1. Can you figure out the FRET efficiency of VAL75 with ARG100, using R₀ = 30 Å and their beta-carbon distance, to the nearest 0.05?
2. What's the extension gain from VAL175 to LEU195 if we count 0.36 nm per residue and subtract their Cα-Cα distance?
3. How do 54-62, 88-96 rank on mean C-beta neighbours within 10 Å, highest first?
4. Can you tell me which of 46-52, 139-145 comes out highest on packing, and rank the rest after it, using the mean Cβ neighbours within 10 Å?
5. Past 23 Å, Cα to Cα: identify those pairs from LYS55/LYS172; LYS132/LYS172; LYS145/LYS172, in the order given.
6. Using the Cβ atoms and a cut-off under 9 Å, what net charge is assigned to the surroundings of PHE62, where Lys and Arg are +1 and Asp and Glu are -1?
7. Count charges around SER153 for me, please; just the other residues with Cβ under 12 Å from its Cβ, Lys/Arg as +1, Asp/Glu as -1.
8. Tally Lys and Arg at +1 and Asp and Glu at -1 over the other residues with C-beta under 11 Å from the C-beta of ALA82: what net charge comes out?
Amino acid sequence: MIGIGDLQIDNQMFGHGNYDFPVMLLKQSTSEPTLKIDEAFFEKNSEDRIKELQKSFVCVCFSVCTDVLKSQSCVEKVNISAQPGILYLEDTFVYDTLRRIDRFMPTSMSVISWTNQVLPKEVKYTSNMLSKPIRLQDLVIQPIKLELSIHASLKLFIASDNTPLAFGRFEKSQVVTTSQQFVRSLVMHYASGALFRAGKYH
C-alpha cells in the first residue's frame, strides 16, 4: 500500500506564458478528513496503520500474486481512494504540455527492414497493446469529490470556476483489456460525472 500525505502540482511555466492558473492540483482544506480504506488489504491488529493512512490525500492499496508458469509477479487487486481536491485546467497549458512531451519522443532516423514490407505504426502499436494486456482481478476507485475550474479558449472563451463535482465509485472485476480501452473507460466514467454531474456516492 502507498499513502501520499499531501500533494500539489504547480504549473512551472506560469509567468512565462499566457496562463490563468499557477497551480493544477491541490488538496482541499477540510476539517479532519478521513479516507474510506478497504481493510481487507490489511492484516489483523492494523488499526494504527489504517488510521495513519486515512489521513493521506491519496491512498493506493494493492495485492500482488505470483504467476508460477511465467515466474513473475503481477498486481491482482487495486483499491484507490482520495480526499476532496481542487483541480485547475486550461486548454493552453494542456496543448503546450503535449507539444513539449512530443519533443522528447524518440524519432527513427532510418528504417532498416529485412523484408519487403514495413508494417504501419498503427499496426505495430495495436499489436504491442494486444500482446501485453492489462490484467486485474479487481479494481476499485472510491468516490471522489473535486472542485473544478476550467478555462478553454475556443471560438468563444468558456470558463467554469469552482464547480463542485462528485464522481461515483468506479469498479471493475476480471479485467483483461488493452491500455487504450482501459483509459477510455476511465475517461468516460469521469467525463460523464463532470458534464452531467451524474456522480453519486454509494
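Derivation of every value follows stated rules applied to the coordinates shown; laboratory data play no part. This is a predicted model, so every value here is computed, not measured. Quick reminder, even Gly has a Cβ in these numbers, built from the backbone with ideal geometry, and neighbours come from all protein chains shown.
1. Working from the Cβ atoms, E equals 0.50.
2. So the chain would gain 4.6 nm between VAL175 and LEU195.
3. For the peptides 54-62, 88-96, the packing ranking is 54-62, 88-96.
4. Peptide ranking by packing, descending: 139-145, 46-52.
5. Cα-Cα > 23 Å for LYS55/LYS172; rest within.
6. Around PHE62, the charge tally is 0.
7. -2
8. Once positives and negatives cancel, what remains is +3.
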